[in-house]
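Presented below is the structure to which this report refers.
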């Protein structure tokens, strides 16, 4: 029962998919991060289904790309996108760490957040409009891999503060066991991506790991550790980098 509750908590927190009520007790929180990548499975499945079947029916290229762009945001409710925008404002402030952390918590949206939001969606839409049927499933699997890496970071990286979403899940998790599960899930994701296409899968995994290293360096140097907003920022950037890498390699081969 505790694993079912943990799954419900993960989906209730990180998606807009209706879930039954579950108590956020310590026992239920222990393994919630193990199920975080499963949200990516739902996103990836919807992404692949539209990418595959819409390519078989008379759907214009613009509508095709718009739906693919919106699927992750609609399923997650934009929770990770919010982290990207808050991080953009904080990084663009050029303030000390303490002030950057305050900006992350600020509910107001700054000019840099709007600029980054526009750039992000234009970049995602532009590259997704160039993807082929071969690249769709690799990118779809990337939604699972990015959450494996994000969950691993929450249970492994230093938190910038003792409160907040990242700290709540980090403090409540059975870190040792959760890390093992997330590594195994991540290896499964890597295996699937390589099985789908060795060149596309390889470059997608490399892009994800490179973004992961940047995430650790940026969060420690600029904020003194990770937060929920920084975790959201990582997810959005990681998924964009996977998409860019796949499309670029498709063009080259």
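The values are calculated or read from the model by the stated rules, or taken from the named source; none is laboratory data. It should be emphasised that the depicted structure is a prediction, and the values quoted were computed from it without experimental measurement. Positions of Cβ are generated from backbone atoms using ideal geometry, with glycine treated the same way; all protein chains shown enter the neighbour counts.
A few comments on the model shown:
- Looking only at the range 181-215, residues that are surrounded by fewer than 17 Cβ atoms within 10 Å (Cβ to Cβ) and closer than 30 Å to residue 98 by Cα come to 4 in all.
- Extreme residue, surrounded by the fewest Cβ atoms within 10 Å (Cβ to Cβ), among residues of the range 44-63 that are in contact with a helix residue (DSSP H, G or I) (Cβ under 8 Å, 6 or more places away or on another chain) and under 23 Å from residue 16 (Cα atoms): 45
- Matching residues in the range 73-83 - criterion: being in a helix (DSSP H, G or I) and either crowded, with 23+ Cβ neighbours inside 10 Å or free of Cβ contacts under 8 Å to residues at least 40 places away in the same chain (or both): 73, 76, 80, 83
- Candidate set from the range 222-243 (those that are part of a helix (DSSP H, G or I) and at pLDDT below 90); member that is nearest to residue 128 (Cα to Cα): 229
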